[in-house]
(Lines give C-alpha, C1' and ligand atoms only; values in the text may rest on other atoms or scores of the structure.)
Protein backbone atom coordinates (compact mmCIF):
# COMPACT_ATOMS: atom_id res chain seq x y z
CA UNK A 1 0.00 0.00 0.00
CA UNK A 2 1.35 3.43 -0.97
CA UNK A 3 2.10 5.62 2.07
CA UNK A 4 0.60 9.08 2.15
CA UNK A 5 3.88 10.84 3.00
CA UNK A 6 7.56 10.03 2.56
CA UNK A 7 9.94 11.93 4.85
CA UNK A 8 13.46 12.12 3.40
CA UNK A 9 16.43 12.69 5.72
CA UNK A 10 20.07 12.81 4.50
CA UNK A 11 22.58 12.18 7.31
CA UNK A 12 26.11 13.49 7.47
CA UNK A 13 28.07 14.63 10.52
CA UNK A 14 25.06 15.45 12.72
CA UNK A 15 25.88 13.56 15.92
CA UNK A 16 24.93 16.54 18.09
CA UNK A 17 21.52 16.94 16.44
CA UNK A 18 20.24 13.59 15.12
CA UNK A 19 18.58 12.46 18.35
CA UNK A 20 16.34 15.52 18.64
CA UNK A 21 15.55 15.31 14.94
CA UNK A 22 14.67 11.59 15.07
CA UNK A 23 12.44 11.94 18.13
CA UNK A 24 10.52 14.75 16.41
CA UNK A 25 10.05 12.56 13.31
CA UNK A 26 8.89 9.42 15.10
CA UNK A 27 6.56 11.37 17.42
CA UNK A 28 4.45 12.68 14.55
CA UNK A 29 0.70 12.46 15.15
CA UNK A 30 0.31 11.36 11.53
CA UNK A 31 0.69 7.60 11.16
CA UNK A 32 0.93 6.86 7.44
CA UNK A 33 4.56 7.90 6.97
CA UNK A 34 7.50 6.32 5.17
CA UNK A 35 10.88 7.39 6.60
CA UNK A 36 13.91 7.26 4.31
CA UNK A 37 17.28 7.98 5.89
CA UNK A 38 20.32 8.24 3.62
CA UNK A 39 23.63 7.72 5.38
CA UNK A 40 25.97 9.76 3.18
CA UNK A 41 29.04 7.95 4.59
CA UNK A 42 28.92 10.01 7.77
CA UNK A 43 32.24 9.78 9.66
CA UNK A 44 30.74 10.22 13.14
CA UNK A 45 28.32 8.21 15.31
CA UNK A 46 25.13 9.70 13.85
CA UNK A 47 23.92 6.32 12.56
CA UNK A 48 24.58 4.57 15.88
CA UNK A 49 22.50 7.19 17.68
CA UNK A 50 19.73 6.94 15.09
CA UNK A 51 19.57 3.14 15.34
CA UNK A 52 19.24 3.32 19.13
CA UNK A 53 16.28 5.67 18.82
CA UNK A 54 14.63 3.46 16.20
CA UNK A 55 14.64 0.64 18.78
CA UNK A 56 12.47 2.84 21.00
CA UNK A 57 9.76 2.96 18.30
CA UNK A 58 8.93 -0.64 17.34
CA UNK A 59 5.62 0.57 15.83
CA UNK A 60 7.62 2.65 13.32
CA UNK A 61 10.31 0.11 12.38
CA UNK A 62 8.46 -1.25 9.34
CA UNK A 63 8.06 2.30 8.04
CA UNK A 64 11.79 3.01 8.02
CA UNK A 65 14.29 2.56 5.19
CA UNK A 66 18.00 3.22 5.69
CA UNK A 67 20.19 3.56 2.61
CA UNK A 68 23.98 3.70 2.87
CA UNK A 69 26.31 5.53 0.51
CA UNK A 70 29.72 3.83 0.51
CA UNK A 71 31.42 7.20 -0.02
CA UNK A 72 30.34 10.74 0.76
CA UNK A 73 28.50 12.08 -2.29
CA UNK A 74 27.11 15.34 -0.93
CA UNK A 75 23.64 16.55 -0.03
CA UNK A 76 22.36 16.70 -3.62
CA UNK A 77 23.16 13.04 -4.31
CA UNK A 78 21.77 12.00 -0.91
CA UNK A 79 18.48 13.73 -1.66
CA UNK A 80 18.29 12.18 -5.12
CA UNK A 81 18.87 8.74 -3.59
CA UNK A 82 16.05 9.35 -1.12
CA UNK A 83 13.67 10.62 -3.80
CA UNK A 84 14.35 7.57 -5.98
CA UNK A 85 13.62 5.25 -3.03
CA UNK A 86 10.45 7.05 -1.93
CA UNK A 87 6.96 5.77 -2.68
CA UNK A 88 4.66 8.24 -0.88
CA UNK A 89 2.02 10.47 -2.43
CA UNK A 90 3.80 13.49 -0.95
CA UNK A 91 7.37 14.22 0.09
CA UNK A 92 8.70 16.17 3.06
CA UNK A 93 12.42 17.05 3.09
CA UNK A 94 13.92 17.26 6.58
CA UNK A 95 17.53 18.16 7.41
CA UNK A 96 18.96 15.91 10.11
CA UNK A 97 20.26 18.80 12.23
CA UNK A 98 16.76 20.33 12.51
CA UNK A 99 13.52 19.21 14.17
CA UNK A 100 9.78 19.56 13.60
CA UNK A 101 6.64 19.95 15.69
CA UNK A 102 4.59 16.80 16.24
CA UNK A 103 1.60 17.92 14.13
CA UNK A 104 3.52 19.18 11.11
CA UNK A 105 2.89 16.28 8.74
CA UNK A 106 -0.72 15.84 9.83
CA UNK A 107 -1.54 19.52 9.29
CA UNK A 108 0.20 19.82 5.94
CA UNK A 109 -1.19 16.58 4.52
CA UNK A 110 -4.74 17.45 5.61
CA UNK A 111 -4.45 20.81 3.84
CA UNK A 112 -3.14 19.13 0.68
CA UNK A 113 -5.99 16.60 0.77
CA UNK A 114 -8.73 19.16 1.51
CA UNK A 115 -7.66 21.54 -1.26
CA UNK A 116 -6.29 19.04 -3.79
CA UNK A 117 -2.99 20.93 -3.77
CA UNK A 118 0.39 20.02 -5.25
CA UNK A 119 2.33 22.01 -2.65
CA UNK A 120 1.52 23.08 0.90
CA UNK A 121 3.70 25.81 2.39
CA UNK A 122 4.07 26.65 6.08
CA UNK A 123 6.06 29.23 8.02
CA UNK A 124 9.47 28.36 9.48
CA UNK A 125 11.25 28.99 12.79
CA UNK A 126 14.91 30.00 12.71
CA UNK A 127 16.57 28.73 15.88
CA UNK A 128 19.54 30.80 17.06
CA UNK A 129 21.52 30.19 20.25
CA UNK A 130 19.71 32.94 22.14
CA UNK A 131 16.39 33.37 20.32
CA UNK A 132 13.85 31.99 17.87
CA UNK A 133 12.61 33.95 14.85
CA UNK A 134 9.52 33.04 12.83
CA UNK A 135 9.86 33.64 9.09
CA UNK A 136 6.46 34.12 7.47
CA UNK A 137 6.09 32.73 3.98
CA UNK A 138 3.87 34.61 1.54
CA UNK A 139 1.66 32.92 -1.04
CA UNK A 140 0.17 35.35 -3.53
CA UNK A 141 -3.45 35.06 -4.62
CA UNK A 142 -2.12 35.47 -8.15
CA UNK A 143 -0.80 32.11 -9.38
CA UNK A 144 1.51 33.92 -11.83
CA UNK A 145 3.46 35.36 -8.89
CA UNK A 146 4.46 32.00 -7.40
CA UNK A 147 7.39 31.25 -9.68
CA UNK A 148 8.80 34.80 -9.67
CA UNK A 149 8.52 34.92 -5.87
CA UNK A 150 10.48 31.68 -5.64
CA UNK A 151 13.18 32.98 -8.00
CA UNK A 152 13.48 36.15 -5.90
CA UNK A 153 13.64 34.09 -2.67
CA UNK A 154 12.32 37.09 -0.78
CA UNK A 155 8.72 37.12 0.45
CA UNK A 156 8.54 33.40 -0.39
CA UNK A 157 11.67 31.44 0.46
CA UNK A 158 13.25 28.51 -1.33
CA UNK A 159 13.38 26.28 1.74
CA UNK A 160 12.34 22.74 0.86
CA UNK A 161 11.89 21.81 4.53
CA UNK A 162 8.77 23.90 5.29
CA UNK A 163 6.81 22.50 2.35
CA UNK A 164 4.92 19.30 1.56
CA UNK A 165 5.22 18.53 -2.15
CA UNK A 166 3.58 16.02 -4.44
CA UNK A 167 6.09 13.29 -5.26
CA UNK A 168 5.13 13.59 -8.94
CA UNK A 169 6.86 16.99 -8.99
CA UNK A 170 10.05 15.79 -7.32
CA UNK A 171 10.38 12.91 -9.77
CA UNK A 172 10.18 15.05 -12.91
CA UNK A 173 13.46 14.97 -14.85
CA UNK A 174 13.35 18.79 -15.01
CA UNK A 175 13.32 18.98 -11.20
CA UNK A 176 16.22 16.69 -10.36
CA UNK A 177 19.11 18.14 -8.35
CA UNK A 178 22.41 17.90 -10.26
CA UNK A 179 25.05 15.96 -8.35
CA UNK A 180 27.58 18.40 -6.97
CA UNK A 181 25.09 21.24 -6.44
CA UNK A 182 25.31 21.15 -2.65
CA UNK A 183 24.67 24.86 -2.13
CA UNK A 184 21.43 26.44 -3.46
CA UNK A 185 20.11 22.95 -4.14
CA UNK A 186 16.84 23.86 -2.40
CA UNK A 187 16.46 26.90 -4.60
CA UNK A 188 17.29 24.88 -7.72
CA UNK A 189 14.61 22.29 -7.11
CA UNK A 190 11.99 24.64 -5.66
CA UNK A 191 12.08 27.08 -8.60
CA UNK A 192 11.25 24.22 -10.94
CA UNK A 193 8.66 22.63 -8.68
CA UNK A 194 6.89 25.97 -8.27
CA UNK A 195 7.00 26.49 -12.05
CA UNK A 196 5.19 23.20 -12.73
CA UNK A 197 2.81 23.10 -9.74
CA UNK A 198 -0.86 23.60 -10.52
CA UNK A 199 -2.06 24.53 -7.04
CA UNK A 200 -0.06 25.93 -4.10
CA UNK A 201 -1.66 26.62 -0.71
CA UNK A 202 -0.49 27.60 2.76
CA UNK A 203 -1.01 26.67 6.39
CA UNK A 204 -0.48 29.82 8.48
CA UNK A 205 1.57 28.14 11.17
CA UNK A 206 5.26 27.44 11.79
CA UNK A 207 6.26 23.83 12.45
CA UNK A 208 9.85 23.48 11.24
CA UNK A 209 12.76 24.47 13.50
CA UNK A 210 15.73 25.41 11.32
CA UNK A 211 18.93 25.31 13.39
CA UNK A 212 21.22 28.29 12.76
CA UNK A 213 24.02 27.39 15.16
CA UNK A 214 25.41 24.23 13.54
CA UNK A 215 28.88 25.37 12.51
CA UNK A 216 29.29 22.26 10.35
CA UNK A 217 26.36 23.29 8.15
CA UNK A 218 27.35 23.82 4.54
CA UNK A 219 25.97 27.37 4.45
CA UNK A 220 28.16 28.70 7.27
CA UNK A 221 31.60 29.07 5.70
CA UNK A 222 31.75 30.47 2.17
CA UNK A 223 34.48 28.75 0.17
CA UNK A 224 35.23 27.92 -3.46
CA UNK A 225 32.37 25.44 -3.63
CA UNK A 226 29.86 28.20 -2.81
CA UNK A 227 31.15 30.47 -5.59
CA UNK A 228 31.16 27.62 -8.12
CA UNK A 229 27.71 26.43 -7.06
CA UNK A 230 26.25 29.94 -7.40
CA UNK A 231 27.57 30.12 -10.98
CA UNK A 232 26.23 26.63 -11.72
CA UNK A 233 22.83 27.38 -10.20
CA UNK A 234 22.27 30.50 -12.31
CA UNK A 235 23.60 28.87 -15.47
CA UNK A 236 21.12 26.02 -15.00
CA UNK A 237 18.25 28.39 -14.26
CA UNK A 238 19.03 30.56 -17.28
CA UNK A 239 19.02 27.42 -19.44
CA UNK A 240 15.72 26.29 -17.91
CA UNK A 241 14.10 29.65 -18.59
CA UNK A 242 15.36 29.72 -22.17
CA UNK A 243 14.11 26.19 -22.82
CA UNK A 244 10.67 27.26 -21.60
CA UNK A 245 10.75 30.60 -23.48
CA UNK A 246 10.65 32.56 -20.21
CA UNK A 247 14.13 34.11 -20.10
CA UNK A 248 13.22 37.67 -21.16
CA UNK A 249 10.14 37.66 -18.94
CA UNK A 250 12.18 37.03 -15.81
CA UNK A 251 15.44 38.71 -16.84
CA UNK A 252 15.17 41.69 -14.45
CA UNK A 253 14.33 39.42 -11.53
CA UNK A 254 17.21 37.04 -12.21
CA UNK A 255 19.71 39.87 -12.73
CA UNK A 256 18.99 41.35 -9.31
CA UNK A 257 19.04 37.94 -7.63
CA UNK A 258 22.39 37.04 -9.22
CA UNK A 259 24.02 40.19 -7.88
CA UNK A 260 22.44 39.60 -4.45
CA UNK A 261 24.15 36.21 -4.42
CA UNK A 262 27.42 37.79 -5.50
CA UNK A 263 27.44 40.48 -2.83
CA UNK A 264 26.69 37.96 -0.07
CA UNK A 265 29.59 35.81 -1.21
CA UNK A 266 31.92 38.79 -1.40
CA UNK A 267 30.93 39.94 2.09
CA UNK A 268 30.87 36.52 3.75
CA UNK A 269 33.98 34.84 2.38
CA UNK A 270 37.17 35.14 4.44
CA UNK A 271 39.26 34.61 1.30
CA UNK A 272 40.66 37.62 -0.56
CA UNK A 273 41.90 35.13 -3.18
CA UNK A 274 38.33 34.01 -3.96
CA UNK A 275 37.13 37.61 -3.98
CA UNK A 276 39.77 38.40 -6.59
CA UNK A 277 39.19 35.26 -8.67
CA UNK A 278 35.43 35.75 -8.91
CA UNK A 279 35.41 39.56 -9.08
CA UNK A 280 33.91 39.60 -12.58
CA UNK A 281 31.05 37.19 -11.93
CA UNK A 282 27.71 38.72 -13.02
CA UNK A 283 29.57 41.90 -14.09
CA UNK A 284 26.96 42.97 -16.65
CA UNK A 285 24.05 42.28 -14.29
CA UNK A 286 25.79 44.26 -11.55
CA UNK A 287 26.08 47.27 -13.85
CA UNK A 288 22.35 47.16 -14.52
CA UNK A 289 21.17 47.03 -10.91
CA UNK A 290 23.91 48.43 -8.63
CA UNK A 291 21.65 51.31 -7.54
CA UNK A 292 19.22 48.89 -5.88
CA UNK A 293 21.64 47.82 -3.15
CA UNK A 294 22.30 49.18 0.33
CA UNK A 295 25.33 51.40 0.87
CA UNK A 296 27.45 48.68 2.49
CA UNK A 297 26.63 46.23 -0.27
CA UNK A 298 27.40 48.85 -2.93
CA UNK A 299 30.72 49.57 -1.27
CA UNK A 300 31.79 45.93 -1.34
CA UNK A 301 30.74 45.54 -4.98
CA UNK A 302 32.57 48.72 -5.99
CA UNK A 303 35.74 47.76 -4.10
CA UNK A 304 35.78 44.41 -5.88
CA UNK A 305 34.85 45.94 -9.24
CA UNK A 306 37.77 48.40 -9.10
CA UNK A 307 40.12 45.70 -7.77
CA UNK A 308 40.68 47.24 -4.32
CA UNK A 309 40.93 43.78 -2.83
CA UNK A 310 42.95 44.85 0.20
CA UNK A 311 40.28 47.41 1.13
CA UNK A 312 37.57 44.83 0.44
CA UNK A 313 39.24 42.47 2.91
CA UNK A 314 39.49 45.26 5.48
CA UNK A 315 35.80 46.06 5.01
CA UNK A 316 34.97 42.36 5.47
CA UNK A 317 36.97 42.29 8.71
CA UNK A 318 35.19 45.39 10.03
CA UNK A 319 31.79 43.82 9.29
CA UNK A 320 32.91 40.61 11.01
CA UNK A 321 33.95 42.50 14.15
CA UNK A 322 30.63 44.36 14.22
CA UNK A 323 28.74 41.07 13.85
CA UNK A 324 30.64 39.49 16.75
CA UNK A 325 29.93 42.52 18.95
CA UNK A 326 26.20 42.25 18.20
CA UNK A 327 26.26 38.58 19.17
CA UNK A 328 28.04 39.33 22.45
CA UNK A 329 25.44 41.98 23.33
CA UNK A 330 22.60 39.49 22.81
CA UNK A 331 24.26 37.00 25.15
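The values are calculated or read from the model by the stated rules, or taken from the named source; none is laboratory data. Note that the structure is predicted; figures quoted are calculated from it, not measured. All Cβ positions, even for glycine, are placed from backbone atoms using ideal geometry, and neighbour counts span all protein chains on display.
Say whether the condition of being in the same structural domain as residue 90 (by TED's automatic domain parsing), at pLDDT below 95, closer than 18 Å to residue 90 by Cα and out of contact with any helix residue (DSSP H, G or I) (no Cβ under 9 Å at 6 or more places or on another chain) is met by at least one residue in the range 159-182. Within the range 159-182, one or more residues are in the same structural domain as residue 90 (by TED's automatic domain parsing), at pLDDT below 95, closer than 18 Å to residue 90 by Cα and out of contact with any helix residue (DSSP H, G or I) (no Cβ under 9 Å at 6 or more places or on another chain). The residue list 36, 67 contains one member that is in the same structural domain as residue 170 (by TED's automatic domain parsing), assigned to a strand (DSSP E or B) and under 18 Å from residue 108 (Cβ atoms), which is 36. Annotation note: of 66, 53, 7, the sole residue that is over 18 Å from residue 179 (Cα atoms) and in contact (Cβ under 8 Å) with a residue 40 or more places away in the chain is 7. Taking the conditions (1) at pLDDT 95 or above; (2) crowded, with 18+ Cβ neighbours inside 10 Å; (3) within 18 Å of the chain's Cα centre (by Cα) in turn, residue 211 satisfies each one other than (1). Report whether or not residue 292 is out of contact with any strand residue (DSSP E or B) (no Cβ under 6 Å at 6 or more places or on another chain), surrounded by fewer than 13 Cβ atoms within 10 Å (Cβ to Cβ) and either at pLDDT below 95 or at positive phi (or both). Taking the combined requirement at face value, the residue satisfies it.
Conditions (1) crowded, with 19+ Cβ neighbours inside 10 Å; (2) within 30 Å of residue 198 (Cβ to Cβ), marked per residue:
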position	(1), (2)
29	no, yes
40	yes, no
100	yes, yes
111	no, yes
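Scan the range 292-303 and tell me whether some residue there is assigned to a helix (DSSP H, G or I), outside the structural domain of residue 195 (by TED's automatic domain parsing) and within 29 Å of residue 193 (Cβ to Cβ). Scanning the range 292-303, I find at least one residue that is assigned to a helix (DSSP H, G or I), outside the structural domain of residue 195 (by TED's automatic domain parsing) and within 29 Å of residue 193 (Cβ to Cβ), so the answer is yes.
Of all residues in the range 91-109, none are free of Cβ contacts under 8 Å to residues at least 40 places away in the same chain and out of contact with any strand residue (DSSP E or B) (no Cβ under 9 Å at 6 or more places or on another chain). Return the residues of the range 284-304 that are under 20 Å from residue 233 (Cβ atoms) and free of Cβ contacts under 8 Å to residues at least 12 places away in the same chain; say none if nothing qualifies. Correct list: 284 only. Inspect all residues belonging to the range 245-268 and state whether any of them is crowded, with 20+ Cβ neighbours inside 10 Å, touching a residue at least 40 places away in the same chain (Cβ under 8 Å), in a loop (DSSP other than H, G, I, E, B) and touching a helix residue (DSSP H, G or I) at 6+ places or on another chain (Cβ under 9 Å). The answer is no, given that none of the residues of the range 245-268 is crowded, with 20+ Cβ neighbours inside 10 Å, touching a residue at least 40 places away in the same chain (Cβ under 8 Å), in a loop (DSSP other than H, G, I, E, B) and touching a helix residue (DSSP H, G or I) at 6+ places or on another chain (Cβ under 9 Å).
Any residue at all in the range 120-130 that is at pLDDT 95 or above, touching a helix residue (DSSP H, G or I) at 6+ places or on another chain (Cβ under 6 Å) and surrounded by 15 or more Cβ atoms within 10 Å (Cβ to Cβ)? Checking the range 120-130: at least one residue is at pLDDT 95 or above, touching a helix residue (DSSP H, G or I) at 6+ places or on another chain (Cβ under 6 Å) and surrounded by 15 or more Cβ atoms within 10 Å (Cβ to Cβ). How about the range 15-25: which of its residues are in contact with a helix residue (DSSP H, G or I) (Cβ under 7 Å, 6 or more places away or on another chain), over 20 Å from residue 68 (Cα atoms) and surrounded by 18 or more Cβ atoms within 10 Å (Cβ to Cβ)? Residues satisfying the conditions do not exist here.
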